[in-house]
1. Could you grab the relative contact order for the range 150-299? Cα pairs under 8 Å, six or more apart, rounded to a whole percent.
2. In sequence order, what are the phi-derived ³J(HN,Hα) couplings for the range 262-274 according to the Karplus relation 6.51 cos²θ - 1.76 cosθ + 1.60 with θ = phi - 60°, rounded to whole Hz, with x for glycine and proline?
3. Go ahead and set up a Gaussian network model of the chain, Cα springs under 10 Å, then flag whichever of Leu322, Leu22, Leu110 fluctuates most.
4. Run the numbers on the range 251-352 and let me know its relative contact order in percent, using alpha-carbon pairs under 8 Å that are six or more apart.
5. Determine, for Arg136, Arg234, Arg379, the number of other Cβ atoms within 10 Å of each Cβ, and report the residues in order from fewest to most.
6. Please label the shape of the range 111-190 as rounded, prolate or oblate, based on the square roots a ≥ b ≥ c of the eigenvalues of the alpha-carbon gyration tensor (a/c under 1.5 means rounded; beyond that, a/b larger than b/c means prolate, else oblate).
7. Give the long-range amide H neighbours of Ile67: residues separated by 5 or more places, or on another chain, with amide H under 5 Å away, using H modelled in the peptide plane at 1.01 Å from N.
8. Give the residue from Gly363, Ala74, Gly297 lying farthest towards the positive end of the charge dipole for the chain; charges sit on Cβ (+1 for Lys and Arg, -1 for Asp and Glu) and the dipole is referred to the Cα centre.
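Only the coordinates and a few stated rules stand behind these numbers; no lab work does. Since this is a predicted model, take the numbers as computed values, not measurements. Counting neighbours? That spans all protein chains shown, and the Cβs are built from the backbone with ideal geometry, glycine included.
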Amino acid sequence: MLRYLTAGESHGEMLVAVVDGLPAGLPLVSSLLNRDLARRQAGHGRGGRMGIERDAVRIVSGVRGGITLGSPLALLIENRDWVNWVSRMAVEGPVEGPPLTAPRPGHADLPGALKYGHKDVRNVLERASARETAARVAVGAVAKSLLARFGVRVLGHVLAIGPVEARRIPPSWKDLERKAEASPVRCADTAASRAMVRAIDRALAGRDTVGGWIEVRAEGLPPGLGSYVQADRRLDGRLAAVLASIPAVKGVAIGDAFATSRLPGSRAHDEIFHDARRGWFRRTNRAGGLEGGMTNGEPVILRCAVKPVSTLMRPLRTADLLTGRPVRAHQERSDVCMVPAAAVVAEAATAIELVRALQEKFGGDSVAEMRGNWKGYLRSLR
């Protein structure tokens, strides 16, 4: 199965990802990964760090001649801001600068310092930073490339920022993707997109931050990925877990989860139909493409609540880590709104977990072997 680890600190020299379990025979070039890294860096409301970094992946193993070998893939993303932090983030030499002892509410600062026994919250915040998600997006781009070989596509977009909600989401994938990519906040509703920009600007003027809702859609998946036989094999739980692991994501909904919770059962479920041309199908998709821990053949739809950025220009009250005395939280350079970026990260996280589910069902050490098993299974579904 596909698995990966990332390493690196926000202001360290680089981010590293090692990907294991990728099948042989997948065409893969760095430009494909860099496209998604650029999408993660975009979005109205991003902070000054995005003006420094120009994220680019260097593939250093697992690929030869633009084709994966089946061996571990190693990806490097250099931090351009590292040159300004060499003395403060020294790996072996003495570390310069005073310790940070004012933990920020909403961050990993305090629980991380208490857990690991640190007296300087920088030892926590550097790794806990959402900067790490750049490595996840690179891995997700690899996963999306593999999914594309099976006709599966994944897209993340924004449904709401602050009080502004999208009302007109295009029903077609093509229009949804085109409008989301063209929007400065990754929202496919043009009018809502403009209002979201204004909401972000108001938050900036008030020295505040703003959160929102994002959605990830995956199309082209057959029924039967995941399983009901054990809790840890249920795909809905697995997808919810990887999405909840994204910094600032505080809630995950599958399909129309919260809306259907207020409906009677007769209106909450997706009736089943079959004909010779289409096979099994539904006319609604309230379940978000997942039933009993498995895909049911309809598009998978996942929604995430993203809290406002915790680092504020008007720091909240906290207590000093060493003395316990009341102080104002530490100010670290940050975003006003990272909801559009979170949509790209959620897209990547979803793609990675879907690849795992695909490999569980179809196995194979090469893409060709997986595709053969895939085609045989699709024939059996009729």
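1. For the range 150-299, the relative contact order is 23 percent.
2. Once θ is set to phi - 60°, the couplings for the range 262-274 become 9, 9, x, x, 5, 10, 9, 10, 9, 5, 9, 9, 8 Hz.
3. Leu322
4. Values: 111 pairs, mean separation 21.4, N = 102.
RCO, the range 251-352: 21 percent.
5. Working: Arg136 24, Arg234 18, Arg379 8.
Lowest to highest Cβ neighbour count: Arg379, Arg234, Arg136.
6. oblate
7. Close amide H contacts, sequence-distant or interchain: Leu28.
8. Most positive-ward Cα: Gly297.
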